[in-house]
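Since every read-out is calculated from the coordinates, none of them should be taken as a lab result. The model shown is predicted, which means the values in this text are computed figures rather than measured ones. Cβ atoms come from the backbone with ideal geometry, glycine included; neighbour counts cover every protein chain shown.
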Amino acid sequence: MYLYGLEFYMTFKDLGLAEPILKALQDEGYTKPTPIQEQAIPILLKRKDLLGVAQTGTGKTAAFGIPILHHLYEGISLSQNKRKVKALVVTPTRELAIQIGDSFTAYGRYTGLKSTVIFGGVKQGKQVNALKAGVDIIIATPGRLLDLMNQGYISFRDLDYVVLDEADQMLDMGFIHDIKKIIAKLPPKRQSLFFSATMPKSIVELSRKMLGEFERVTIKPEQATAEKVEQGVYFVSKSNKPKLLVHLLEKRPEDSVLVFSRTKHGANKIVKKLAQADIKSAAIHGNKSQTARQKALGAFKDGTLKVLVATDIAARGIDVDDLALVINFDLPNVSETYVHRIGRTGRANASGIAMSFCMAEERAYLKDIEKLIKQQVPRLGDHPYMDEASEQEPQPRKPNNRSSSRNQNQNRNRNRNRNRNSNKNRGRNDSNSSN
Ligand code: AMP
């Protein structure tokens, strides 16, 4: 906002938040609200329902966490000796639940409020004990939450706030029935928040069921990505992808790099190939145990592991402050997923780099992605593993005449020569292609 030629921006103080929360935000180093926070916090402080169309990486957690903490803090009654669950956040993955739990702990550290995280894949004892001791806020994945509700460990009689986070992902993961059962057990008088990165018809229907009169905030993916993340694509054949990955990683040994694979099997294969080149990495995906996933993620977050290979679902919860580079080893066949992936870097107000590998069969995916983000992903040009499959952009098909097939043959020969040369000169002529 400009006034008399000077730039003014909204601060957290302008939003009228309680002192202990402002102090915690200062500790976190947040100087100004992100766009989703600027728009959503005032709506939520007015106790309205909210439909947020936004992806992770926009500051979404604080956008819903801060107003909930503010309200709960303002309503704290000192005479209350046992805490009652007043806020529930439901989110698709364990990683995301843990991360949201950490955010609530951080933003609420001076409020005296207590939160706990509930997810499956581990024994329930610790979680049950935490519930018995009393909590104000529960952050949970749907399956275990429903399980503990059915066992009678959780009462939502005093619930005031419910947040459904990453709704599209929950539907993709088959949680729809669990979600409906959970919502059916919540008191009708409550403030409801619904977040989804995409809004297909099924999500619109679900949001209608859950929300009363609501306001909508949309943070467009292209705002979140195009402006902040430097993107680029390499055309490369399937068999050369691992070599190109090794080559790029060797050039940035100090950087934290998140590599995306479309499949679990593919992720394991990438880790193996990297190990053969003496590059340490770990994979996280649905077939890995909870402990293995947490261990890999912990090492990646504290910087001891530089390369993490993830599938889309496992990566949803990843939030690493200094993530320098995202590499799409495979291009996703759903364009929105690309936006999610590259949003892992360039978090909140930072910037980042995302590189994609595109083989011939993935060119249609690239086209769809470019349509969605309304821009062309810059071509990164030559690399040491060029071959005929990798180099040429598909040309519009011409009628089958002799001269065009002659051109194709000439091109093919040129590519072959170039491939031979570039392999010979590896390390010399590629230095500007991947920076
Ligand atoms: P989220 O979209 O909630 O996953 O948040 C993405 C990242 O942005 C997290 O690392 C947050 O700690 C960070 N973040 C959230 N709000 C702000 C802010 N106002 N200023 C700076 N960083 C923020």
Karplus 3J(HN,Hα) series, Hz, for segment 131-143 with 6.51 cos²θ - 1.76 cosθ + 1.60 (x for Gly, Pro):
5, 5, 5, x, 9, 8, 10, 10, 10, 9, 8, x, x
Of all C-alpha pairs within segment 229-391, those more than 30 angstrom apart amount in percent to 9 percent
Which of 326, 128 comes first, and how do the rest follow, when ranked by fewest Cβ neighbours within 10 Å?
128, 326
Once the piece of chain linking residue 176 and residue 324 is laid out straight, how much longer is it, given 0.36 nm per residue of separation minus the C-alpha distance between them?
49.8 nm
Viscosity 0.890 mPa s, temperature 25 °C: Stokes-Einstein D of segment 2-218 from its Kirkwood Cα radius, in µm² per second?
139 µm²/s
Run the dipole for segment 229-391 about the Cα centre, Lys and Arg Cβ at +1, Asp and Glu Cβ at -1, nothing else charged, and hand back the magnitude in debye, nearest 20.
560 debye
Expected sort for 71, 340 with the fewest Cβ neighbours (10 Å cutoff) up front is 71, 340
Computed on Cα atoms, Rg of segment 19-102 relative to 2.2 N^0.38 Å comes out at 1.16
Arrange 269, 126 by Cβ neighbour counts within 10 Å, fewest through most, would you?
126, 269
Can you give the FRET efficiency for residue 204 and residue 374, using 1/(1 + (r/R0)^6), R0 = 35 Å, r = Cβ-Cβ distance, to the nearest 0.05?
0.95
Which FRET efficiency value, to the nearest 0.05, is calculated for residue 13 and residue 289 with the Förster distance at 41 angstrom and r the Cβ-Cβ distance?
0.40
Give me, ordered by chain and number, the residues 5 or more places off residue 218 or on other chains with an amide H under 5 Å from its own placed amide H.
53
Extent of segment 123-242 along each principal axis, from alpha carbon coordinates, in Å, largest to smallest?
55, 39, 25
Whose amide H sits under 5 Å from the amide H of residue 118, counting only residues 5 or more places off or on another chain, with H placed in the peptide plane?
139, 140, 141
Taking H as built 1.01 Å from N, whose amide H comes closer than 5 Å to the amide H of residue 356, not counting residues under 5 places away?
232, 233, 234, 328
Charge dipole of segment 2-218 about the Cα centre (unit charges at C-beta), most positive-ward option of 131, 169, 31:
131
